[in-house]
1. Could you grab the pairs with beta carbons closer than 8 Å, sequence gap of 6+ or different chains, first residue in segment 267-284 and β-branched (Val, Ile, Thr), second one surrounded by fewer than 18 Cβ atoms within 10 Å (Cβ to Cβ)?
2. Specify which of the listed residues (Ala86, Ala152) is buried (at least 18 other Cβ atoms within 10 Å of the Cβ) and not assigned by TED's automatic domain parsing to the domain that holds Thr291.
3. Looking at (1) within 30 Å of Ile37 (Cβ to Cβ); (2) outside any loop (DSSP other than H, G, I, E, B); (3) at pLDDT below 90, which is the one condition that is false for Leu202?
4. Consider Lys209 against the criteria (1) in the same structural domain as Leu247 (by TED's automatic domain parsing); (2) part of a helix (DSSP H, G or I); (3) at pLDDT 70 or above: it satisfies all of them except one. Which criterion is unmet?
5. In segment 212-246, which residue that is assigned to a helix (DSSP H, G or I) and among the small types (Gly, Ala, Ser) is farthest from Gly297 (Cα to Cα)?
6. Looking for something closer than 30 Å to Pro178 by Cα and out of contact with any helix residue (DSSP H, G or I) (no Cβ under 7 Å at 6 or more places or on another chain) - is there at least one such residue anywhere in segment 67-77?
7. Looking at segment 262-275, can you tell me whether even one residue there is under 17 Å from Asp51 (Cβ atoms), over 13 Å from the mean Cα position of the chain (by Cα) and either crowded, with 20+ Cβ neighbours inside 10 Å or at pLDDT 95 or above (or both)?
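The values are calculated or read from the model by the stated rules, or taken from the named source; none is laboratory data. Being a predicted model, the structure only gives us computed values, none of them experimental. Glycine gets a Cβ as well: all are built from the backbone with ideal geometry, and neighbour counts include every protein chain shown.
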Amino acid sequence: MKTGLVVDSGCDLPSDFIKENGILVLPASIRIGDEIIADDRSPQRTRSFYDRQLLDKVHDAQSLPATVAQIKQLFLEQVVTHCDYALVETVLQSRSPIFQNATEAAHGILSEYRAVRDRAGLQGPFAVRVIDSQTLFAGQGALAAETVRLMATGMRGAELRARVSALAGKATGYAVVPDLYYLRQRARKKGDNSVGLVGALLGSALDIKPILCARSGETFPVAKIRGFAQGVARLFEHGARCIEKGLLSPVLCVSYAGDPQAVYQMPGFETLKSCADRHQVKLLVSSMGLTGSVNIGPGALSIGLLTEQRDFR
């Protein structure tokens with residue numbers, strides 16, 4: 001039985017890693033003014049998006065997740081002829097309809113996939129399961145990377161699904177937000193009033209940068225740090241501490257809403273890398289997905305890991 005992994009475009013992983021491991025990406029779209037931009041983790045399109053500096057406080061940006069019909073079509077055209085069993089991992093469902101859309105699409109193909117597989121000369125049934133990663137950004141990337149590792153060991157079917165579902169509750173994504181005012185503006189567009197105007201303006205005046213966490217299906221702040229560079233250093237320090245205490249998977253993902261090469265020059269990264277090397281933990285550095293950058297702002301940095309550690313100190 002051949003198993004395939006499908007993720008949405010919010011899953012932060014390097015494009016080379018996605019290609020080498022045959023991961024299929026469910027694309028989304030970004031609307032900025034009258035322009036529609038595909039969010040499919042294409043390196044060229046992502047680089048162009050960040051180079052053009054399209055995101056600022058003026059633009060009316062909106063993320064458009066794939067619809068049920070779009071996902072169903074993608075399944076029938078690419079997934080059912082690619083594998084016998086597909087595991088779909090989505091961004092946490094409390095922040096996006098993509099989990100529900102993928103689940104409905106998966107149910108919808110059950111009566112149609114056999115004809116498609118017959119035309120392709122494939123025998124046997126096809127099955128698809130959808131899992132809520134319960135996290136965001138690099139956290140979703142860490143879960144997908146561990147799924148790839150488990151598949152490489154020969155884990156399949158119900159066993160793989162059960163293991164990944166259990167790990168989803170431990171998948172943790174952190175992000176340093178460079179601009180509280182931007183975050184508040186985007187939150188208001190989505191009907192989220194958790195970032196108030198007074199707090200946003202005060203944070204901007206004092207150069208306070210929040211560190212957000214996405215874990216177990218919830219998003220919440222874990223720290224407020226003065227200065228973006230200091231926030232990044234604290235985030236990398238926390239990543240190193242989690243590595244030393246022991247991760248549930250030997251991988252840590254880092255994503256940046258901009259040119260990922262900038263990550264290597266950020267304060268604390270070399271210390272994190274040295275710690276990862278000592279403990280044989282693989283670092284995967286990538287651009288943040290366009291949808292993520294639209295929602296928390298250009299220049300945001302995220303790390304993701306699978307850990308029992310819940311405290312951020």
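1. Thr271/Glu237; Val281/Pro250
2. Details: Ala152 fails: buried (at least 18 other Cβ atoms within 10 Å of the Cβ).
Within the list Ala86, Ala152, the selection yields Ala86.
3. Among (1) within 30 Å of Ile37 (Cβ to Cβ); (2) outside any loop (DSSP other than H, G, I, E, B); (3) at pLDDT below 90, the lone unmet condition for Leu202 is (1).
4. (2)
5. Restricting attention to segment 212-246, the residues satisfying the condition of being assigned to a helix (DSSP H, G or I) are 228-245.
Narrowing the set further to residues that are among the small types (Gly, Ala, Ser) leaves 229, 231, 233, 239-240.
Numbers: Ala229: 16, Gly231: 15, Ala233: 19, Gly239: 22, Ala240: 25 Å.
Checked segment 212-246; the qualifying residue farthest from Gly297 (Cα to Cα) is Ala240.
6. First, the residues of segment 67-77 that are closer than 30 Å to Pro178 by Cα: none.
Checked segment 67-77: no residue is closer than 30 Å to Pro178 by Cα and out of contact with any helix residue (DSSP H, G or I) (no Cβ under 7 Å at 6 or more places or on another chain).
7. Here is the first cut: in segment 262-275, the residues under 17 Å from Asp51 (Cβ atoms) are 262-263.
Within this subset, residues satisfying the condition of being over 13 Å from the mean Cα position of the chain (by Cα) are 262-263.
Filter once more, keeping what is either crowded, with 20+ Cβ neighbours inside 10 Å or at pLDDT 95 or above (or both): 262-263.
Looking for residues that are under 17 Å from Asp51 (Cβ atoms), over 13 Å from the mean Cα position of the chain (by Cα) and either crowded, with 20+ Cβ neighbours inside 10 Å or at pLDDT 95 or above (or both), one finds at least one in segment 262-275, hence yes.
The rows are residues; the columns are (1) more than 30 Å from Gln123 (Cβ to Cβ); (2) surrounded by 21 or more Cβ atoms within 10 Å (Cβ to Cβ).
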site: Leu13; (1), (2): yes, yes
site: Asn21; (1), (2): no, no
site: Leu26; (1), (2): no, yes
site: Ile30; (1), (2): yes, yes
site: Asp39; (1), (2): yes, yes
site: Asp51; (1), (2): yes, no
